[in-house]
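This report concerns only the one structure given below.
The values are calculated or read from the model by the stated rules, or taken from the named source; none is laboratory data. Predicted model only: the values in this text are computed from it and were never measured. Heads up, the Cβs are rebuilt from the backbone with ideal geometry, glycines too, and the neighbour counts pull from every protein chain shown.
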Amino acid sequence: MDFDLNEDQQLLAKTVADFCKTRSPVSRFRELRDADGRGWDAATWQQMGELGWLGVAFPEDVGGLEACFIEVALILEQLGKSLVPEPYLASVVLGGYALALAGDPAQRERWLAPMVEGETSLALAWAEAGARFDPTRVSCTATPSAGGFVLSGAKRFVLNGHAADQLIVSAMTPDGLALFVVDADAPKLTRTSLGLIDGQRGAHLQLEGVAVEADRRLAAAPAAEVLGRVLDYGAAGAVAEGLGVASAMLDLTTEYLGTREQFGVKIGSFQALQHRAVDMFIEVALLRSMSMEAMVRADEPGPERSAAVSAAKHQLGIGGQFVSRQSVQLHGGIGVTDEHDIGLYFKRMQALSTICGDATHHAQRYASAAGESVPISPAS
Amino acid sequence: MDFDLNEDQQLLAKTVADFCKTRSPVSRFRELRDADGRGWDAATWQQMGELGWLGVAFPEDVGGLEACFIEVALILEQLGKSLVPEPYLASVVLGGYALALAGDPAQRERWLAPMVEGETSLALAWAEAGARFDPTRVSCTATPSAGGFVLSGAKRFVLNGHAADQLIVSAMTPDGLALFVVDADAPKLTRTSLGLIDGQRGAHLQLEGVAVEADRRLAAAPAAEVLGRVLDYGAAGAVAEGLGVASAMLDLTTEYLGTREQFGVKIGSFQALQHRAVDMFIEVALLRSMSMEAMVRADEPGPERSAAVSAAKHQLGIGGQFVSRQSVQLHGGIGVTDEHDIGLYFKRMQALSTICGDATHHAQRYASAAGESVPISPAS
Amino acid sequence: MDLNFTSDEQAFRAEVRAWIHEALPEDLAVKARASAQFTHDELMRWHEILAAKGWVAPAWPKPFGGPGFSAAERFIFNEELELAGTPPLSPFGLVMVGPLIQRFGTDAQRERFLPKILSGEEVWCQGYSEPNAGSDLASLRMSAEDRGDHFVVNGQKTWTTYAQYADWIFCLVRTNAAGKKQSGISFLLIDMRSKGVEARPMLTISHSPAFCDTFFDNVEVPKANLLGPIDGGWTLAKALLGHERTLVGSPGLVRRWLRLAREIATAQVGDDGRPLVEDPHWSRRFAELEMRLRAHQVTIYRALSEQLKGRHPGPETSILKIVGTDLIQRVGELCMELMGHDALAWLPEPGVVPANEAWVGPSFCYDRAATIYAGSNEIQRNIIAKHILQLPSA
Amino acid sequence: MDLNFTSDEQAFRAEVRAWIHEALPEDLAVKARASAQFTHDELMRWHEILAAKGWVAPAWPKPFGGPGFSAAERFIFNEELELAGTPPLSPFGLVMVGPLIQRFGTDAQRERFLPKILSGEEVWCQGYSEPNAGSDLASLRMSAEDRGDHFVVNGQKTWTTYAQYADWIFCLVRTNAAGKKQSGISFLLIDMRSKGVEARPMLTISHSPAFCDTFFDNVEVPKANLLGPIDGGWTLAKALLGHERTLVGSPGLVRRWLRLAREIATAQVGDDGRPLVEDPHWSRRFAELEMRLRAHQVTIYRALSEQLKGRHPGPETSILKIVGTDLIQRVGELCMELMGHDALAWLPEPGVVPANEAWVGPSFCYDRAATIYAGSNEIQRNIIAKHILQLPSA
């Protein structure tokens, strides 16, 4: 029973925190959001690659550091604290793990290695209309053709889909679900860039007979299983980033309570607001516990993983949202302006609680797994 | 749109309130509870009969005053305020309405009239094991025999079942559900007297071939429909009594907050406790609104009635329970002793929120009626 | 007791509903169905239509140009507007300063200001809060110095909603720094085109330019623009605050949002492929909100019943702002949840999400303000604790 | 990071579990399965069994008679007891005053008191709260007057849990009325059989005689019974309060109640005739509570991990009392709801309701105290606001 990070992990967390503080405060996100470009910065992305962050959990043969998901989560927590806009969750966690788990060595070399270096970015196109959060209800089709497949259908809300160099697309083949790597500039692929609620961007995809070669099918492991694992990584990643968001909001709020005056006194001296702040503190503490369990269990193969991830994502959707909404409330009028950062965090929290399944989805998953679920204590 | 009581109703409410204050404060309930008898007092019951309260909504031919359910609810609210132990809800609302709705003139004359006078008391035996809150899932059987029926089966948690002179029992005949009037001392009927959570009493019934004459079957209206209406009266009655309980708890609590000192000041000056008290005040106000709607709609035949009653009973189970639990909490240590009255109210609230269907039952009923439900405004 | 409207009142409701259906231009009706946010121009178009019908100021007495509605009719009229989702008219002239001018103004002020409020020719905004006087309104600092026939005004107002579109602003200003802080406040009417007035729009969390910071730099205001007595503005302010509070408890908005939520739940399918509306979890969620709304609505009808008898609504109506704004937020949260991935969209192009979902995100964000403005719900609880529950002061 | 216990620790858990299964007398095991309330005699029977095994004081150092468990083993041991539902031993000697005597007592005090706490020969109770010193403990008034070789004690203690069964009581008393109210308090050990001591039992809301009011009328207490320095009792009190707080956050109890809730939900059928446990509404309710419990449990493991490294648990562990007691109440409420009509029963005769439901009502009532005792959850929030969030004082 040891919750301590090892020294390398502590150093990593500190390095990322310092980077975010000096190189990517919230103001940078705000500027990029308002600049009407793609919303993030290629040079910063490359720097992240040079620092080893984009491949921290991937094998050496693609330039990775062979650490585990814990390191990924530690990075995401720090990125969440200052709303760093680069597509770490979309490209490293969703796109990257899909390639790492389902790609053969040549495929990983071809598409994962450049992303790890920060040369390219990835996206995972799994969500479809009418499929809610189930990645196996796929209407996109992949019809075998000479030398490959032809993909047809639509994908929605592809995070970083507007900017990614490669899109990993799920589609139904005659022999079941499969994953394909599609270049962003592939003919007959239409990307509609979307503004998202959190000020980041994504895309809807329309595939109208996109031809892909056979070697673009990722088949080193069954696609449905890979998607299940990748979406659990995504959910655990969203929790880690959301933990950063929630703890930043708690800090901003307690600071505000300690400085803002009304009726001649600091508003943080009002007991009702104090107790609200304590309730926020409680939810952040429980979110941290759940995030820690999820980041450790994320690499496990079985039901221990999905139970821990669902419990964590549920706590993000309930506890994290409570923190977020109360933060805005306790900021009063300034909290509902665009110019105060608290609203930016509020919106990121809203997005993160949807990404890879909301609280209702994960509560239902947890409920239907009851009995299988193995809590952390063997004493269940 | 007029929520005012008429003058007679105002006078009635005041009369009952005065009676409770002077003749039946909470201490009387406590004495009767601890006396190990049947828990209520025949002389007081008779007095209620003389005052006209037991027949307030029943026709003149049984000695009633021909008012409506509003008057019944007004009486119950006051009885709830000082935990009057006489079985008004059990005998007048459940037993009395069953007879009034399903009995022919002779049957009402025989069994309802004496109750209206306060000579006897009634009980409704509808609940069975394995039937939750559905009065139509009945395992008790009524087998036709020479001159009548033979009843077999078991009934549970019959309110006032330990003391009633007549029990109105639901049972399944070859031609469907029916109601029978069974004397308390009928052969082959076993009554097991039960202590209930609120310090009142009830009974389980065991019917092992109880013979009843044909004229003990109540058949002036279909039994299932009558039971549906009677349980709605019961639910609306529980809400009215629960409103009395909740408002008494709110009063006790604000009084306590205004007198109890800790840390050198009145604890009611602590803002967190003030806001809690306001939240209690809100729930009581909404409960009052719902109780008013339910008491007006209770006499209506259609879905307007059941929607209003379910919404009210749900508010009792959620809002009323919130008030009850927070009252105990705000009383601190003294709140969890038997010697303080707040705990007696707490337990009555717990019982009332179960009687005639709990919050979950009524939420499901409301949900399944959605679309049919006609809110008070025609603007839905 | 009678919980129904009279048949006359029901006929009036039918008339209003039919008229709105007729009179609301099709492009605005489309936006209304999607609960979209309207532009200032759209509001003013609807203002003119209502004004032409004589219904733009339902609460004004007939002599001032009101339609002569009874209290019940006013209530029904407003409820129908909310249910139809018509553009919400700017309340600052029609609902706030107009009635104050009627009550506290001179004849000259009435003649000068009221007709142009009715016609929409002059749009008003409100200058109350200051950067350090929000919940604690009475500690405001914007000053009006007496210079004989005029005041010279200096200071800053914040949260001046839609000041960028306003012709006039009514302000609480400090005319006397001595004594209790409430007692040196006056109520001034200021022409937004006066020299030295600047309104700087500020984006809200929903990206609409609803608020301004409004600056006053040596602005000259004629004494004729003082409403009510000098140093007596707090009385006017209190009259307004009470009014604002009953406004926000109105359930028509919640009911309309719930209707939208049901539409969304019918179109969205769950993980099991069935429409969400058929899932017991969601139908239970709907039932809970609908029952809460029902309790809120009956409480409002209780207040209305008091009003119809010419009595002051009882203390329980003080809860309406808290309950109503809580409901607005809960139904917005429900819509966001129901939308699944679609909740990620922000001001999407047509076709990205179903049309009725397009405005949910911004409204959800904007409605965080509901529990903050017009006296935050924390302030409301303070007031109830003190004045109704009479709990001891700290 | 490693979220698992070592294989040695897991072996220890298995050993403890097997031993409990073996050692708990059958009549107590029956009550444990029904989460029944145990009598004092039953507690003492279990005390003796544990004492004979050498496991009655898991946290005591070996020299004082403890079993020499590691911190992890202590944790596992307590968790297993909670999960098995064994009679909860009186904590006042074993957990509270025992360790204080070890830390602050003289050798004579240690020899006099510790062995009899271990053996169960002397039962203790706690005299802290007074009628006007509950949450505000330091304002206590019970006085101990110095008479040379002894004190004369006068006053009243309240909430003296199970004082009617106790041989000894430890009390906070005022020995000095001057100065700060915390600084004149001493910690006295008083023989309950002393002349002038009277414990009057008081029924709880669950009808168990758990509390007493305990009166002291010119009680003579030898100076040898002063624990720690004169006027220095507040330090001892604070040491205890911190301890009490971690006690109540323990999740084994919640887990056992949730297990009971599942049993009830399997036996009870819904309006549709199916077992409640198959109804999505209830399985969702279970999932929500189980996930909350999981978050609570992991937070406790985080505190344990700190402890295992010899560090003080971080500030976040201050939330455990709030979260744990909230969970206890929520799972009790769930059980009551699941029981339907059976929730109306109170201390029923056998057969009236299923055996595993018989004790739910009284426990549900009794557990209302969980958020009140040991520093109410409101006081806990005050402490966190001040000491951890460092919010300004009023």
Note to self: Among the residues of segment D:30-38, are any among the basic types (Lys, Arg), touching a residue at least 12 places away in the same chain (Cβ under 8 Å), within 30 Å of A:Glu304 (Cβ to Cβ) and crowded, with 19+ Cβ neighbours inside 10 Å?
What the structure shows: no
Check: What number goes with the only condition from (1) at pLDDT below 95; (2) more than 27 Å from the chain's Cα centre (by Cα) that D:Asn154 does not pass?
Finding: (1)
Next item on the list: Report, by residue number, each residue of segment D:366-387 that is more than 17 Å from D:Ser250 (Cα to Cα) and either out of contact with any Ser or Thr (no Cβ under 6 Å at 6 or more places or on another chain) or within 7 Å of another protein chain (Cβ to nearest Cβ) (or both).
Entry: D:Glu378, D:Arg381, D:Asn382, D:Ile383, D:Ile384, D:Ala385, D:Lys386, D:His387
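A quick yes/no check of all residues on (1) under 15 Å from A:Leu76 (Cα atoms); (2) of a type outside the set (Asp, Glu); (3) modelled with pLDDT of 95 or more; (4) assigned by TED's automatic domain parsing to the domain that holds A:Val245:
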position: A:Asp2; (1), (2), (3), (4): no, no, no, no
position: A:Lys14; (1), (2), (3), (4): yes, yes, yes, no
position: A:Asp18; (1), (2), (3), (4): yes, no, yes, no
position: A:Lys21; (1), (2), (3), (4): yes, yes, yes, no
position: A:Pro25; (1), (2), (3), (4): yes, yes, yes, no
position: A:Arg28; (1), (2), (3), (4): no, yes, yes, no
position: A:Leu32; (1), (2), (3), (4): no, yes, yes, no
position: A:Gly37; (1), (2), (3), (4): no, yes, no, no
position: A:Trp40; (1), (2), (3), (4): no, yes, yes, no
Next item on the list: Look at B:Ala154 and say whether it is within 13 Å of chain D (Cβ to nearest Cβ), aliphatic (A, V, I, L, M) and out of contact with any helix residue (DSSP H, G or I) (no Cβ under 6 Å at 6 or more places or on another chain).
Entry: yes
Margin query: I need a count of the residues in segment D:101-132 that are of a type in the set (A, V, I, L, M) and surrounded by fewer than 20 Cβ atoms within 10 Å (Cβ to Cβ).
Written below: 1
Next item on the list: Those residues that are within 14 Å of chain C (Cβ to nearest Cβ) and of a type in the set (Lys, Arg), I need them from segment A:167-200; list them, please.
Entry: A:Arg191
Notebook entry, point to check: Looking at C:Glu9, C:Glu22, which is the one that is over 30 Å from C:Ala163 (Cα atoms), within 14 Å of another protein chain (Cβ to nearest Cβ) and either touching a Gly at 6+ places or on another chain (Cβ under 7 Å) or among the acidic types (Asp, Glu) (or both)?
Noted result: C:Glu9
Notebook entry, point to check: Under the condition of being buried (at least 23 other Cβ atoms within 10 Å of the Cβ) and closer than 27 Å to D:Arg292 by Cα, which residue from segment D:338-357 is nearest to the chain's Cα centre (by Cα)?
Noted result: D:Glu357
Notebook entry, point to check: Within the bounds of segment C:198-209, is there any residue that is away from every other protein chain (no Cβ under 14 Å) and either closer than 24 Å to C:Phe113 by Cα or in a helix (DSSP H, G or I) (or both)?
Noted result: yes
Notebook entry, point to check: In this structure, does D:Ala57 turn out to be within 18 Å of the chain's Cα centre (by Cα), touching a residue at least 24 places away in the same chain (Cβ under 8 Å) and either surrounded by fewer than 18 Cβ atoms within 10 Å (Cβ to Cβ) or more than 27 Å from D:Leu241 (Cα to Cα) (or both)?
Noted result: no
Next item on the list: Please specify each residue of segment A:257-283 satisfying the condition of being over 15 Å from D:Leu391 (Cβ atoms) and under 23 Å from the mean Cα position of the chain (by Cα).
Entry: A:Glu283
Check: In segment A:267-284, what residues are touching a Lys or Arg at 6+ places or on another chain (Cβ under 7 Å) and either at pLDDT below 95 or more than 7 Å from every other protein chain (Cβ to nearest Cβ) (or both)?
Finding: A:Ile267
Item checked: Selection within segment D:1-28 - of a type in the set (A, V, I, L, M, F, W, C) and not in a helix (DSSP H, G or I) -> D:Met1, D:Leu3, D:Phe5, D:Leu24
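Would segment A:289-296 turn up any residue that is without any contact (Cβ under 8 Å) to a residue 60 or more places away in the chain, at the interface with chain D (Cβ under 10 Å from one of its Cβ atoms) and β-branched (Val, Ile, Thr)?
no
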Item checked: Complete set of residues in segment D:210-240 that are farther than 20 Å from D:Tyr373 by Cβ and either among the basic types (Lys, Arg) or in a loop (DSSP other than H, G, I, E, B) (or both) -> D:Lys223, D:Gly228, D:Pro229, D:Ile230, D:Asp231
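Conditions tested, residue by residue: (1) polar (S, T, N, Q); (2) outside the structural domain of A:His314 (by TED's automatic domain parsing); (3) at negative phi.
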| site | (1), (2), (3) |
| --- | --- |
| A:Gln166 | yes, yes, yes |
| A:Ala171 | no, yes, yes |
| A:Asp175 | no, yes, yes |
| A:Asp185 | no, yes, yes |
| A:Leu189 | no, yes, yes |
| A:Ala203 | no, yes, yes |
| A:Gly228 | no, no, yes |
| A:Val245 | no, no, yes |
| A:Asp251 | no, no, yes |
Margin query: For the structure I just gave you, tell me whether A:Met349 is of a type outside the set (Lys, Arg), under 28 Å from A:Arg28 (Cα atoms) and in contact (Cβ under 8 Å) with a residue 60 or more places away in the chain.
Written below: yes
Margin query: Just the residues that are within 30 Å of B:Asp299 (Cβ to Cβ) and either touching a residue at least 24 places away in the same chain (Cβ under 8 Å) or surrounded by 12 or more Cβ atoms within 10 Å (Cβ to Cβ) (or both), please, taken from segment B:11-38.
Written below: B:Leu12, B:Ala13, B:Lys14, B:Thr15, B:Val16, B:Ala17, B:Phe19, B:Cys20, B:Lys21, B:Arg23, B:Ser24, B:Phe29
Notebook entry, point to check: Name the residues in segment B:311-334 that are over 23 Å from D:His341 (Cα atoms) and more than 7 Å from every other protein chain (Cβ to nearest Cβ), would you?
Noted result: B:Gln326, B:Ser327, B:Leu330, B:His331, B:Ile334
Margin query: Suppose we filter segment D:146-176 for residues that are over 13 Å from D:Val221 (Cβ atoms) and either without any contact (Cβ under 8 Å) to a residue 12 or more places away in the chain or aromatic (Phe, Trp, Tyr) (or both); how many remain?
Written below: 3
Check: Of C:Val331, C:Val323, which residue is more than 19 Å from A:Leu316 (Cα to Cα), in contact with a Phe, Trp or Tyr (Cβ under 6 Å, 6 or more places away or on another chain) and part of a helix (DSSP H, G or I)?
Finding: C:Val331
Item checked: Restricting segment B:108-134 to residues that are aliphatic (A, V, I, L, M) and surrounded by 21 or more Cβ atoms within 10 Å (Cβ to Cβ), the residue that is nearest to D:Gly273 (Cα to Cα) -> B:Ala127
Margin query: Please determine whether any residue of segment C:13-20 is at pLDDT below 95 and either hydrophobic (A, V, I, L, M, F, W, C) or in contact with a helix residue (DSSP H, G or I) (Cβ under 7 Å, 6 or more places away or on another chain) (or both).
Written below: no
Notebook entry, point to check: Counting only residues that are among the small types (Gly, Ala, Ser) and within 9 Å of another protein chain (Cβ to nearest Cβ), which one in segment D:263-297 is surrounded by the fewest Cβ atoms within 10 Å (Cβ to Cβ)?
Noted result: D:Gly273
